[in-house]
Amino acid sequence: MNEQDIRALCPTGPGGGYDWADCCEVFPRLRALETTPQSPRYHAEGNVGIHTRMVLDALLASSEFQSAQGERREGLFLAALLHDLCKPETTVVDPVSGEIGQPGHSRRGAVDVRALLWRAGLPFALRESVCRIVAAHQVPFFAFDSRRGETPEFIARRLSWGVELRDLVCVARADMQGRICVDQQARLDDIALFEQLAREDGCWDRPREFASAHTRLAYARGAAVHLDTPLFQPPGSAVTVLSGLPASGKDTWVAHHAPGLPVVSFDDAKAELGLRHGENDGMAAHHAVDKAKALLRRHEPFVWNATHLSDQMRRKTLDLLFAYDAQVTLVYLEVPATQLFQRNAKRDTTLRQKDLERMLHRWEVPLPWEAHEVRYEVMAGEVSARRD
């Protein structure tokens, strides 16, 4: 599988179609969809393979897809094709009722799709647009009935800072049209209402505007603030938080961009404590956090150098920093798959290649609203592409 094979799957021109056999050849995991059952209540059409083809048919018939060009068109097609990729791995059957469910398939799907497209060399922006749609493809169905108690306005605004809502809604609508279920029309009505809300709020085809970065951050993290009014930010440390897979260049970044600044690092903590990779991580974490707290109390600038690979891992660090009123810049670093594994093989490290492979299963790229500023520094081949 390579970038050219993947892009060739997308229909071109008016009336263009797709070849399911070709799709399965490029993405062999799609074959498992044909034998993966679904709840008849929500998917009376049958297995996940049938559903996925119905979704693709609905997408190709939509005016939004037909008018899309270039990478946007490819992104919509790939998101629809791969949106349920992880249903086979997440399928559970209630032993009493026989009810079928696939909890967490959207989030896990985004992680697995990211690793697949990264290995294939798909451009970062295209890949992440696909992954973000996969992760949130069900959200427009339920924005007016949030289990977390979030308002649809909040959901639309925060989503708009990471994904184009017009693309998300396009795939979500095709997902709902590509099934047989009793509440289909009600959910399509909800999607239409979500679209209307986003249009009226000014975040349909662009990120929702905000008065300041600190205002946006506080709002995205759930504070009851008004986006159009600047929120006062108390003084605190200026902290750069690095994020990226091992061997993605974080130490080099520190040497080039932050010479002389204090560095908080789990790897350094492990070395200072004489620990190997995976050995007593809790002790190393406490050591690093204690150093960070001391710097935060003094309002000193510093760099936090760690993988911060998943949303959960980053949240622990960011929660601590924001509790001390830090001004946070989150810098995400990435290199192509081949270079990453070559670098890791040459490094003086206890991290084995198979350990690095396992880390891909919790790889979630930071979203733009996670810090005051989020920067993406992505190397394509031998060329580094900086994306702010």
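Nothing in this text is a laboratory measurement; each read-out follows from the coordinates by a stated rule. Being a predicted model, the structure only gives us computed values, none of them experimental. Quick reminder, even Gly has a Cβ in these numbers, built from the backbone with ideal geometry, and neighbours come from all protein chains shown.
For the reader, a short list of remarks on this structure follows.
- Residue among G244, L261, L56 farthest towards the positive dipole end of the chain, charges placed on Cβ: L261
- Think of the chain as having a plus end and a minus end, set by charges on the Cβ of Lys, Arg, Asp and Glu; of Q69, L295, A220, L295 sits farthest toward the positive end of this dipole.
- Look at the dipole of segment 3-201 built from charges on Cβ: of P40, F124, F144, the Cα furthest out on the positive end belongs to F124.
- Residue-wise HN-Hα coupling along segment 199-213, computed from phi with Karplus coefficients 6.51, -1.76, 1.60 (Hz; x: Gly, Pro): 5, 5, 8, x, 10, 5, 10, 7, x, 4, 6, 8, 6, 7, 4
- Cβ crowding within 10 Å ranks K87, K316 as K316, K87, fewest other Cβ atoms first.
- Translational diffusion coefficient (Stokes-Einstein; Kirkwood radius from C-alpha pairs) of the chain at 25 °C, 0.890 mPa s, in µm²/s: 109 µm²/s
- Here the contact order of segment 3-201, divided by its residue count and restricted to Cα pairs under 8 Å and six or more residues apart, works out to 23 percent.
- Phi to ³J(HN,Hα) by Karplus 6.51 cos²θ - 1.76 cosθ + 1.60 over segment 151-163, Hz, x for Gly, Pro: 6, x, 5, 4, 4, 5, 5, 5, 4, 5, 7, x, 8
- Ordering L188, L159, L33 by the number of other Cβ atoms within 10 Å of each residue's own Cβ, fewest first, gives L188, L33, L159.
- For segment 16-136, convex hull of alpha carbons as volume per residue, Å³: 106 Å³
- Subset of K250/K291; K293/K354; K250/K354; K250/K293; K293/K346; K250/K316 violating a 27 Å alpha-carbon distance limit: K293/K354; K293/K346
- Counting only DSSP beta bridges with both residues in the chain, the antiparallel share comes to about 25 percent.
- The chain - percent relative contact order, Cα under 8 Å, separation 6 or more: 15 percent
- Summarising the label geometry, the points placed 7 Å from Cα in the beta-carbon direction at Q342 and F154 lie 4.7 nm from one another.
- Modelled spin labels at M313 and R221, positioned 7 Å past Cα toward Cβ, are 2.1 nm from each other.
- Candidates G162, G236, G260: whichever shows maximal mean-square fluctuation once the chain is modelled as a Gaussian network with Cα springs under 10 Å: G260
- Exposure proxy for T151, T317: other Cβ atoms within 10 Å of each Cβ, ordered fewest to most, give T151, T317.
- Annotation: amide H of T36 within the under-5 Å range of V48, G49, sequence separation 5 or more or interchain, hydrogens built in the peptide plane.
- Proximity of backbone amide H atoms, modeled 1.01 Å from N, is registered between V331 and V241, L242, S243, R375 at under 5 Å, excluding neighbours fewer than 5 places apart on the same chain.
- Computed 3J(HN,Hα) for segment 140-148, one whole-Hz value per residue from the Karplus formula 6.51 cos²θ - 1.76 cosθ + 1.60 where θ = phi - 60°, is x, 5, 10, 5, 9, 9, 5, 5, 8, glycine and proline marked x.
- Simple point charges give the picture: +1 on the Cβ of Lys and Arg, -1 on the Cβ of Asp and Glu, and for segment 322-367 a dipole about the Cα centre of about 320 debye.
- Cα-based shape type of segment 1-53, given that a ≥ b ≥ c are square roots of the gyration tensor eigenvalues and the cut on a/c is 1.5: oblate
- The distance linking segment 59-104 with segment 161-221 is 17 Å (Cα centroid to Cα centroid, whole angstrom).
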